[in-house]
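Reading through the structure tokens given below for one structure.
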Amino acid sequence: MTPAEAVSVGPTRQGELLATGALTSRQLTEATLDAIDRENPAINAAVAVFAEEALAAADEADRRRAAGESGALLGIPIAVKDDLDIAGQVTGLGSKATMMPATQDADLVTAIRAAGMVIVAKSALPELAIFGFTESDAHGITRNPLNLGHTPGGSSGGSAALIAAGAVGIATASDGAGSIRIPAACCGLVGFKPTQGTMPSSGGWHDLSTQGCLAARVADTALYLDAFGAFPESLVEAAANDPAPLRIGMSLSASAATKARPLDPRVRAALDQAAEAFRAAGHTVTEVKIPYKLDVRALAVRYLAGIRDGADGTDDPSRLERRTKGIARLARPFGPRSVEWAKRKGRAWGDRVHDALGVDVLLTPVMSGPAIEVEHWRDKGALSTLLSMNAVYPYTVQWNHAGLPAVSMPSGVTDDRLPLAIQLIARRGDDARLMSLAGQFERRTA
């Protein structure tokens, strides 16, 4: 396999090639930088490229391997979403309101460097990671490489677009309301949101947000999460082994502050096909209706208060986009007591929802349909954007509110090359079983 061919195969296979000496980290890094340079003009997914630093890190990784180290991620290139601090670089957050360079690495970045991964670029996101589409005044429109007229989703849209374009094998991603799972669904990737509290540099938006990654394969996702997270069982082992028979509840229940967009028949067909695949694997699949009640209001408190606090924490809030300022104003009534009430409500609901339904795992849509066209929300105001976006994406943020692990899995493609996806949600701390089910689904449907 040539270095150019190895760029997009993911860190598991890349690690095997490096371990056997079939290629060096420098060769892989040079090919990755070439791929970013080739693909980025069309998709606008990388907001910064660190060529000189990356090559130096690759050379150091090669020296470490030559000295006998054998880390699974040693020498693997990675793109970092521009919500993580890298010392000496501005953490842009998709905004013109952030200008001061970070004084030290985020905890996750420190761990990534210690593992010997090679940071090649920073990936784009919408301002303050608010939106399910990656467009900003600061950096323009990020496009889906599978269909340039459509969004790669958000907020981790830049990471998803780079991977889907074959420009990098893995990228960091964070998920506060669906920001790993939505881009994964838009770009045909695996998007695993782990249990809240398992990954470093998490906890934003009053504990709605968690760090994770985007990758094309379940094994690559498991490798990354095992390396940097705290899980009671090996996710790599789980991904490679089928789970025992499970009770799976398929639900079309939508958690929306307004009327959800009707479910695209192609998404419903993908869910039905997934249900049949799970039944064929020995699982029981039944339709259930998920109860929401007051949790919709409580999660809105956390989401809006988190955005307000993020806006207030920028270097110059006056430079924020008008829509962002408007969303931040919506949260002014929510003080600490409201936020703590909302967090308790979310955890309590998450602790009982599976048992109340008599299931081990939930099967739902990720989005109401395939990826939306770019500029769909252009010039919309704060409230109209939130309500319209929630109608398109009514299946993700409730699991941030609950703190539960959830994964978006590719499940087909439309005639115009847009991926379809399903979502699986497990109990708190049941990441290994969820990863096992995701791996089984991938093996049976790939």
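The values are calculated or read from the model by the stated rules, or taken from the named source; none is laboratory data. Keep in mind that this is a model prediction, so the values were computed, not measured. So basically every Cβ, Gly included, is an ideal-geometry build from the backbone, and we count neighbours across all protein chains shown.
Data table
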| item | result |
| --- | --- |
| When residues of segment 82-103 are limited to those that are without any contact (Cβ under 8 Å) to a residue 60 or more places away in the chain and among the hydroxyl-bearing types (Ser, Thr, Tyr), the one nearest to SER202 (Cα to Cα) | THR91 |
| Condition check for ASN44: within 22 Å of the chain's Cα centre (by Cα) and on the phi > 0 side of the Ramachandran plot | yes |
| Selected residue (only one of ASP207, ASP137, ASP226 is of a type in the set (D, E, K, R), within 15 Å of LEU404 (Cα to Cα) and modelled with pLDDT of 95 or more) | ASP207 |
| Every residue from segment 134-160 that is in contact with a Leu (Cβ under 9 Å, 6 or more places away or on another chain) and among the hydrophobic types (A, V, I, L, M, F, W, C) | ALA138, LEU146, ALA160 |
| Verdict on GLY306 being small (Gly, Ala, Ser), within 21 Å of ALA342 (Cα to Cα) and out of contact with any Pro (no Cβ under 8 Å at 6 or more places or on another chain) | yes |
| Any hit, segment 351-370, residues being farther than 27 Å from GLN196 by Cβ and among the polar types (S, T, N, Q) | no |
| Of all residues in segment 273-304 being more than 14 Å from LEU386 (Cβ to Cβ) and among the small types (Gly, Ala, Ser), the one that is surrounded by the most Cβ atoms within 10 Å (Cβ to Cβ) | ALA274 |
| Residues satisfying the stated conditions in segment 29-45, i.e. out of contact with any Gly (no Cβ under 7 Å at 6 or more places or on another chain) and of a type in the set (A, V, I, L, M) | ALA31, LEU33, ILE36, ALA42, ILE43 |
| Matching option when the condition is assigned to a loop (DSSP other than H, G, I, E, B), on the phi > 0 side of the Ramachandran plot and either polar (S, T, N, Q) or surrounded by fewer than 20 Cβ atoms within 10 Å (Cβ to Cβ) (or both), among GLY88, GLY116 | GLY88 |
| Spans of helices (runs of 4 or more DSSP H) in segment 372-446 with at least 3 residues surrounded by fewer than 23 Cβ atoms within 10 Å (Cβ to Cβ) and either over 16 Å from the mean Cα position of the chain (by Cα) or not assigned by TED's automatic domain parsing to the domain that holds GLU276 (or both) | 382-392, 431-445 |
| Verdict on ALA66 being more than 25 Å from the chain's Cα centre (by Cα) and buried (at least 23 other Cβ atoms within 10 Å of the Cβ) | no |
| Residue that is part of a helix (DSSP H, G or I), more than 18 Å from GLY116 (Cα to Cα) and in the same structural domain as ALA160 (by TED's automatic domain parsing), where the choices are ALA42, ALA48, ALA54, ALA58 | ALA42 |
| Segment 305-332 - residue that is in contact (Cβ under 8 Å) with a residue 60 or more places away in the chain, crowded, with 16+ Cβ neighbours inside 10 Å and of a type in the set (Gly, Ala, Ser) and, of those, farthest from PRO126 (Cα to Cα) | ALA305 |
| Flag if LEU146 is under 28 Å from GLU375 (Cα atoms), in contact with a helix residue (DSSP H, G or I) (Cβ under 7 Å, 6 or more places away or on another chain), surrounded by fewer than 24 Cβ atoms within 10 Å (Cβ to Cβ) and touching a residue at least 24 places away in the same chain (Cβ under 8 Å) | yes |
| Qualifying residues in segment 270-292 (those that are free of Cβ contacts under 8 Å to residues at least 60 places away in the same chain and either part of a helix (DSSP H, G or I) or in contact with a Phe, Trp or Tyr (Cβ under 8 Å, 6 or more places away or on another chain) (or both)) - the one farthest from GLY412 (Cα to Cα) | ARG279 |
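Let's see how each residue does on (1) out of contact with any Ser or Thr (no Cβ under 9 Å at 6 or more places or on another chain); (2) under 30 Å from ARG322 (Cα atoms):
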site	(1), (2)
VAL359	no, no
GLY381	yes, yes
GLY429	no, no
ALA446	yes, no
